[in-house]
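Visitor: Please see the structure below; I have some questions.
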Amino acid sequence: MKNFITHIAAAFCLLASSLFQQAVAEDGYELWLRYEKLEQVPKSAPRSVVAACSDLSPTLDAALSEILRASASILGTPLKQGDRISRHALVLTSEACGATLPNGTLPNADEVGTEGYVLQSTLINGKPVTLIAAQSDIGVLYGVFDYLRRMSSGEAIADLDVISRPKTQLRLLNHWDNLDRHVERGYSGQSIWDWHRLPGYVDPRYTDYARANASIGINGTSLTNVNSDATVLTPHYLEKVAAIADVLRPYGIKVYLTARFSAPIELDGLATADPLDPAVQTWWQAKTDEIYDYVPDFGGFLVKANSEGQPGPQDYGRSHAEGANMLAKAVAPHGGVVMWRAFVYSAEEPEDRVRQAYTEFVPLDGQFAENVLVQVKNGPLDFQPREPFHPLFGAMPETPLMIELQITKEYLGFSTHLAYLGTLWEEVLAADTKTKGDGTTVASVVDGETYDYAYTGMAGVSNIGTDRNWAGSIFDQANWYAFGRLAWNPDASAEDIAREWVKQTFSRKPEVVDEITDMMMKSREAVVDYMTPLGLTHLMGTGHHYGPAPWVDDLGRADWTPYYYHKATRGGIGFDRTETGSDAVDQYAGPVAQEWASLETVPDSLLLWFHHVPWDYEMQDGSTLWQSLVAHYARGITTVAEMQSEWASLKGEIDSERFNQVTDYLNIQHEEAQWWRDASIAYWQSINQLPLPAGEAPPPHDLDYYKSLSFPNAPGQGE
Ligand code: GCV
């Protein structure tokens, strides 16, 4: 009887703990590292893991513990950790760890570089094994994550013969996190950097952050907002930065900080921050040396200067290059870099805002120090749902250009709208700048292939916060994931990345993978359709950028108003950027400029970005512009409705917690897509006085109603 009770109790505990695990495991915290158990363990599954090394670094420890954690979950039991190579072992090794393997087993530096790896099914001492080998230990860790990705996606792991190395050197998250933990343009809670409790308390979450980033090859993180606060450069904060750096280091992630250009004045009372002033230069050198005392592998500085009120060298009549070079000189002895942002536009200058970065930076090509990268947003405006690629790509052969992408969805519906950004980024990276003939894609500029840059890199404005699911929604995790995968390989396919993510995040069942991938692949275009179709842009609510406000035309600065961008009148709509207007199109290479300047050849998707046309302008499909605009809104809403029913069809395939959240968010997205359409149409009709095309429902409210909506507490208000 006692035995029976014990058994019942044990069974109950098991059930309770598995229910508990289920609840905890499916709140999204595990991201794509869920390592769901395989239905059937393949014959080729490894049986043990061994590090063939004379020296085990913290990075290899991390690799081993990831394998043990993942194998326990995917295979149902953790691999045995051996000290000798046995049959069907996973063998980890690198040049750096003092590989104890037969000569010729390691990949050479030409093949894998400093961060690449091989995965190889091979024989060592006559025993069949899977080798994960690299020059460096971080290469091994990346290889381990690749191997685990394959295993947990249910891919074949027999007969592996993989070589992979990143195409860009600096693959960074840019946190726009303030020291009070508010995240600028953050939609997933507070900053994960708990400055108040650091360094005494180091949140274990930082290790999971590091694991997730390393799993997609991210090797740097800039901890603080580009709208910067010099306080982070004080010793009190540098201690905290050092504590974060210590956690991230084994995962190959360097920390970077944003440098406030006026820091010498603010922190130490210098009379000036003029970059040519010797006292200022000495201050930055001493400050930089101090930072390296705390963080010996500090990556360097990220700087927003003379932009949106941030201080900078132009305050002293100096150029961006002079400012950047002063900081570059300070970090150079330590091997650091400066990432200087090209997101600049002047408050006084009447020049078309999208022209200004090019005007400012192209003349500086060749003037930047060797360890400066200029960081350029994907488009010339500001992370809109669609923009043409930034004309700086291809226009600065002597200056390494990093691309900056926005993972957080400031202009694409925050965290409640499903918008997979892989497709947006793929569109930009694959765009042909033609600056050095056909095929000079943005990717080939960014990865250094075109101009052989000394440094290459990609930065993504982070969407990470304290929400349990990290990113504000499950699907926003895919954007973090896609950023890392594209930074590793800017030529990768957005669809392949989506599939990979779905298999690890939701399900390996082919029909589920197909359905969710389909939703993701069309999601961004849906947002373009219901928010800013046909090349329209920046029509969002003032300040917070939530919802439609195309009617706003009276802010402190014209180029912050939607009216500035659409210029709608009774006669027509769109921004003339041809030679009869701002001629911004001329900043692109000849063939691209010609294509976009001509109404014959400009794609519909960029029509109103480059042209002002009448409402009855005839589109490529024969409809009028007005008909086409209205049809695009409808298409956007229909696509969201399709996404809703595709998701609904997955009930039972996805755990209820994540299923319900996505369902609710899609409902919000559908309502807001409708709101975008109705408010926009009400406004355009007030301008063009045109009737709606036949069959189109009128907006349920008048324009005054849409104008009267206010959202004083929407995230982002006041930023
Ligand atoms: C960090 C846009 C955003 C700002 C952001 C800025 C930038 O203007 O709205 O919040 O500031 O871009 O990229 O510097």
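Where a number appears in this text, it was derived from the coordinates with a stated rule and is not lab data. Note that this is a predicted model, so its numbers are computed, not measured. No Cβ is skipped: glycine too gets one built from the backbone with ideal geometry, and neighbour counts run over all protein chains shown.
Visitor: Could you pull out which residues in segment 96-112 have an amide N less than 20 Å from a spot 7 Å beyond the Cα of Asp55, following the Cα-Cβ vector?
Guide: Answer for this model: 96-109.
Visitor: How many percent of the alpha carbon pairs in segment 533-634 exceed a separation of 23 Å?
Guide: 28
Visitor: Considering only Ala328, Thr282, Ala72, whose Cα is most displaced toward the positive end of the charge dipole of the chain, charges sitting on Cβ of Lys, Arg (+1) and Asp, Glu (-1)?
Guide: Of the options given, the answer is Ala72.
Visitor: Considering only DSSP beta bridges with both partners in segment 170-506, what is the antiparallel share in %, to the nearest 5?
Guide: 5
Visitor: Helix-only mean residue ellipticity at 222 nm, the chain, DSSP H runs n ≥ 4 weighted -39,500 (n - 2.57), per residue, nearest 500. What is it?
Guide: Computed mean residue ellipticity for the chain: -12000 deg cm²/dmol.
Visitor: Net charge around Val118, counting only other residues with Cβ within less than 9 Å of its Cβ (Lys, Arg = +1; Asp, Glu = -1)?
Guide: The answer is -2.
Visitor: At a Förster distance of 56 Å, what's the computed FRET efficiency of Gln285 paired with Arg557, Cβ-Cβ distance as r, to 0.05?
Guide: Efficiency for this residue pair is about 0.95.
Visitor: Something else now. When Rg is the radius of gyration of the Cα atoms in segment 48-164 and Rh is its Kirkwood radius, what does Rg/Rh come to?
Guide: Radius of gyration relative to Kirkwood radius: 0.92.
Visitor: Could you calculate the contour length gain from Asp621 to Asp27, that is, 0.36 nm times the residue separation minus the distance between their Cα atoms, to one decimal place in nm?
Guide: Answer, rounded to one decimal: 209.3 nm.
Visitor: Treating the angle as unsigned and between 0 and 90°, give the value, to the nearest 10°, between the Cα long axis of helix 278-294 and the longest Cα principal axis of the chain.
Guide: 30
Visitor: Applying the Karplus parametrisation 6.51 cos²θ - 1.76 cosθ + 1.60 with θ = phi - 60° to the phi angles of segment 51-62, what ³J(HN,Hα) value in whole Hz is obtained for each residue in order, glycine and proline being reported as x?
Guide: Along segment 51-62, the couplings run 9, 8, 9, 8, 9, 9, 7, x, 5, 6, 4, 4 Hz.
Visitor: Going by amide H atoms built from the backbone, whose H comes under 5 Å of the H on Ile124, apart from near neighbours?
Guide: Counting only residues 5 or more places away or on other chains, the set is Val129.
Visitor: How far apart, in nm, are the 7 Å Cα→Cβ label points at Ala158 and Lys509?
Guide: In this crude label model, Ala158 to Lys509 measures out at 2.7 nm.
Visitor: I've got another one for you. To one decimal place, what orientation-averaged projected area in nm² is obtained for the convex hull of the Cα set of segment 333-379?
Guide: 4.1
Visitor: Report the local net charge at Lys80: Lys and Arg +1, Asp and Glu -1, summed over other residues whose C-beta lies under 14 Å from its C-beta.
Guide: Neighbourhood net charge equals +2.
Visitor: Using modelled amide H (1.01 Å from N, peptide plane; none on Pro or chain starts), what sits under 5 Å from the amide H of Leu405, excluding residues fewer than 5 places away?
Guide: Ala459, Gly460, Val461
Visitor: Hey, which aspartates and glutamates would be in cross-link range of Lys434, C-alpha to C-alpha under 18 Å, not counting anything within fewer than 8 residues on its own chain?
Guide: Answer for Lys434, where 18 Å is the Cα cut-off: Glu387, Glu398, Glu426, Asp447, Glu449, Asp452, Asp491, Asp586, Glu595, listed by chain and number.
Visitor: Between helix 625-648 and the chain, what is the angle of the helix's C-alpha long axis to the longest principal axis, kept within 0 to 90° and rounded to the nearest 10?
Guide: Its long axis makes an angle of about 20 degrees.
Visitor: What shape does segment 170-506 have by the C-alpha gyration tensor, where a ≥ b ≥ c are the square roots of the eigenvalues, rounded means a/c under 1.5, and otherwise prolate means a/b greater than b/c and oblate the rest?
Guide: Oblate shape, in that a/c is at least 1.5 and b/c is the bigger or equal ratio.
Visitor: To continue, here is another question. Give the cross-link partners of Lys707 among the aspartates and glutamates, using a straight C-alpha distance below 14 Å as the criterion and excluding same-chain residues fewer than 8 apart.
Guide: Filter leaves Asp553, Asp554, Asp678.
Visitor: I would also like to ask the following. With the cut-off at 20 Å, tell me which of the pairs Lys304/Lys329; Lys43/Lys127; Lys167/Lys503; Lys377/Lys522 have Cα atoms farther apart than that.
Guide: Lys167/Lys503; Lys377/Lys522
Visitor: Which percent of Cα pairs goes in each bin when the distances of the chain are cut into 20 angstrom slices starting at zero?
Guide: In whole percents, the pair-distance histogram is 17, 48, 30, 5, 0.
Visitor: On to the next question. As a test, work out the antiparallel percent of DSSP beta bridges whose residues both lie in segment 48-164, rounded to the nearest 5.
Guide: 50
Visitor: According to the square roots a ≥ b ≥ c of the eigenvalues of the Cα gyration tensor, what is the shape class of segment 669-714, taking rounded for a/c under 1.5, prolate for a/b larger than b/c otherwise, and oblate for the remainder?
Guide: Oblate, because a/c is 1.5 or more while a/b does not exceed b/c.
Visitor: 5 Å is the cut-off here: which amide hydrogens, built 1.01 Å from N in the peptide plane, fall below it relative to Gln81, excluding neighbours closer than 5 in sequence?
Guide: Amide H neighbours of Gln81: Val49.
Visitor: Now a separate question. Starting from the Cα-Cα distance between Lys567 and Glu349, subtract it from 0.36 nm times their residue separation and give me the gain in nm to one decimal.
Guide: 76.6 nm
Visitor: Additional query: Set Lys and Arg Cβ to +1 and Asp and Glu Cβ to -1, take the dipole of the chain about its Cα centre, and tell me which of Leu412, Thr114, Gly200 lies farthest positive.
Guide: Highest projection toward the positive end goes to Gly200.
Visitor: So what J values fall out for segment 400-405 if you push phi through Karplus, 6.51 cos²θ - 1.76 cosθ + 1.60 with θ = phi - 60°, rounded to Hz, Gly and Pro as x?
Guide: Ordered by residue, 3J(HN,Hα) equals x, 10, 8, 8, 10, 10 Hz.
Visitor: Also: Compute the distance from the alpha-carbon center of segment 267-331 to that of segment 494-529, in whole Å.
Guide: Each part reduced to its Cα centre gives a spacing of 44 Å.
Visitor: Right, here's the next one. With only alpha-carbon atoms counted, please give the Rg and Dmax of segment 375-427, in Å.
Guide: Looking at segment 375-427, its Cα Rg and Dmax stand at 12.2, 41 Å.
Visitor: Roughly how tilted is helix 474-488, in degrees to the nearest 10 and between 0 and 90, from the longest Cα axis of the chain?
Guide: On a 0 to 90 degree scale, this one is about 80.
Visitor: Sticking with this one: Going by average Cβ density within 10 Å per residue, which order do the peptides 362-373, 214-225 take, highest to lowest?
Guide: 214-225, 362-373
Visitor: Under 14 Å from the Cβ of Leu276, count the other residues' Cβ atoms, weight Lys and Arg +1, Asp and Glu -1, and hand me the total.
Guide: Overall, the nearby charge balance is -2.
Visitor: Restricting the count to DSSP beta bridges whose residues both fall in the chain, what percent are antiparallel, rounded to a multiple of 5?
Guide: Bridges in the chain that DSSP calls antiparallel: roughly 30 percent.
Visitor: Of the peptides 428-435, 593-600, how do they stack up when ordered by the mean number of other Cβ atoms within 10 Å, highest first?
Guide: Highest-to-lowest ranking by the protection proxy: 428-435, 593-600.
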